[in-house]
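One structure is given below, encoded as structure tokens.
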Amino acid sequence: MLNKNEKIKPLDKKVWLSSPTMHGDELKYMTEAFKTNWMSTVGENINKVEEEVAKITGSKNAVGLASGTSTLHLAIKLAGVKRGDRVFCSSMTFSASANSICYEGAEPIFIDSEYDTWNMDPKALEKAFEIYPDTKYVLLVHLYGTPAKLDEIIDICNKNNAILIEDAAESFGATYKGKETGTFGLYNAISFNGNKIITGSSGGMLLTDSKKAAEKARKWSTQSRENAPWYQHEEVGYNYRMSNVIAGVVRGQIPYLKEHIRQKKEIYYRYKEGLKGLPISMNPFDEKNSEPNYWLSCMIIDKDYMSKEVRGDFDYLYKSEKGKSSPHEILDAIASINAEGRPIWKPMHKQPIFRNNDFINRYGKAKALTNAYIRGGFVDDRDDLPEDICSDIFKRGLCLPSDNKMAEEEQDKIIEVIRACFE
């Protein structure tokens, strides 16, 4: 058995966190766009991708856009969010979720996570509506491809006459009670970024059952040009439409969605089996009601087995302790053998840019955080703050190498390195 002081031979080639897996069909459709000279934001590839994604998800309308972020922005705009409005938003997410709210001049109010799925806590959402009963928008993120507690959250939204917007950027192909994520909200977004389960190198897709909303999104995404012989504009528009070339990549990827999910699922369960007996848990999900797409396999260290670690804005420091470990000790060990992991998303309410935004957990509105505490890294250790679940997950968790081209032998070596960190 290896221990922390033993050198482990690096892998022969880099194992990435989650890189594109290409099959060849992508090049065929890109070449088709080139040969037919449809290189801009119209063409057969876009039409086919919209049709196929709508069919897979069961959404009545799908609109191909330039990125997941631009898709979120138009979803926010379609919902009617305007300057000065409040939007309840998952705190544990990528910054695009919050940024899309800010684009419309609205204020994100960040909602804590729960431990069962790491997603938005329904109890915290209920508390948020008690504090701000006039709020009419909820932006829900399905973290790392795991569906949130949709029944509870939809019920809360309905009781408060609030519009649900799904950020399903990471969860394309995941289902809740047999229904695809990205189809529960009124306006929803998925992403085809380079590291997603299906990639176009970039790109996103707006999903909605409203034909009128889909038509509006297409108009907005092409600079809001009116139906006139010249360029006539009556409202602000955006250069957000998906290109026919990017759509060719997505079109070539889509037939492999189920295969990619199967491969990611196998990676998740190999980690779960290989790390058995260690004081860790894998990222959880509701096994009765949901099926993730297993985009990223993550783990969290048990509280009693966390060695000392502190994070600043740009750096970190940890102490190696016998029988214990910390996220960055494990990430450094993984990196030393030529594999890529990363920390869990840093919660939005801990980001300097959002230091003045409210954060609400199941106990109510947490006290404002000072800049010193944000930089210090141990916000959730303060005695005067209620329990902050998403900060605890960030503190103890990490994302493991989850590339679906990773060989079993390579994953076995990564598992061996992780086990050695607890020696």
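The values are calculated or read from the model by the stated rules, or taken from the named source; none is laboratory data. Just so we're clear, the structure is a prediction, and the values are computed from it rather than from any experiment. Virtual Cβ from ideal backbone geometry, glycine too; neighbours counted across all protein chains shown.
Please give the number of the condition residue 185 fails out of (1) within 18 Å of residue 209 (Cβ to Cβ); (2) outside any loop (DSSP other than H, G, I, E, B); (3) not β-branched (Val, Ile, Thr).
(2)
Looking at region 317-347 only, could you name the residues that are in contact (Cβ under 8 Å) with a residue 60 or more places away in the chain and over 18 Å from residue 298 (Cβ atoms)?
If the condition is that a residue be in contact (Cβ under 8 Å) with a residue 60 or more places away in the chain and over 18 Å from residue 298 (Cβ atoms), then 320, 322, 323, 324, 336, 337, 338 are the ones that fit.
On the basis of being more than 22 Å from the chain's Cα centre (by Cα), in the same structural domain as residue 350 (by TED's automatic domain parsing) and charged (D, E, K, R), does residue 272 make the cut?
Criteria not met by residue 272.
Quick one: in region 331-356, which of the residues that are in a loop (DSSP other than H, G, I, E, B) and in contact with a strand residue (DSSP E or B) (Cβ under 6 Å, 6 or more places away or on another chain) is surrounded by the fewest Cβ atoms within 10 Å (Cβ to Cβ)?
The qualifying residue surrounded by the fewest Cβ atoms within 10 Å (Cβ to Cβ) is 344.
From the residues in region 278-288 that are assigned to a loop (DSSP other than H, G, I, E, B) and more than 20 Å from the chain's Cα centre (by Cα), which one is nearest to residue 256 (Cα to Cα)? Break it down stepwise before answering.
From region 278-288, those assigned to a loop (DSSP other than H, G, I, E, B) are 278-279, 283-288; that's our starting set.
Going one step further and asking which of them are more than 20 Å from the chain's Cα centre (by Cα), we end up with 278-279, 288.
Values: 278: 34, 279: 35, 288: 26 Å.
Within region 278-288, the match that is nearest to residue 256 (Cα to Cα) is 288.
Looking at region 221-275, which of its residues are in contact with a Ser or Thr (Cβ under 7 Å, 6 or more places away or on another chain) and among the basic types (Lys, Arg)?
241, 264, listed by residue number.
Which condition breaks for residue 203 when tested against (1) at negative phi; (2) buried (at least 22 other Cβ atoms within 10 Å of the Cβ)?
(1)
Only residues that are surrounded by 16 or more Cβ atoms within 10 Å (Cβ to Cβ) and either in contact with a Ser or Thr (Cβ under 6 Å, 6 or more places away or on another chain) or of a type in the set (Val, Ile, Thr) (or both): list them for region 18-32, please.
Passing the criteria: 18, 20, 21.
Condition check ((1) without any contact (Cβ under 8 Å) to a residue 24 or more places away in the chain; (2) small (Gly, Ala, Ser); (3) out of contact with any Asp or Glu (no Cβ under 9 Å at 6 or more places or on another chain); (4) under 19 Å from residue 362 (Cβ atoms)) across all residues:
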| site | (1), (2), (3), (4) |
| --- | --- |
| 88 | no, no, yes, yes |
| 94 | no, no, no, no |
| 97 | no, yes, no, no |
| 147 | no, no, no, no |
| 157 | yes, no, yes, yes |
| 186 | no, no, no, no |
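Give just the number: which of (1) free of Cβ contacts under 8 Å to residues at least 60 places away in the same chain; (2) surrounded by 15 or more Cβ atoms within 10 Å (Cβ to Cβ); (3) in contact with a helix residue (DSSP H, G or I) (Cβ under 9 Å, 6 or more places away or on another chain) does residue 224 not satisfy?
Single failed check for residue 224: (3).
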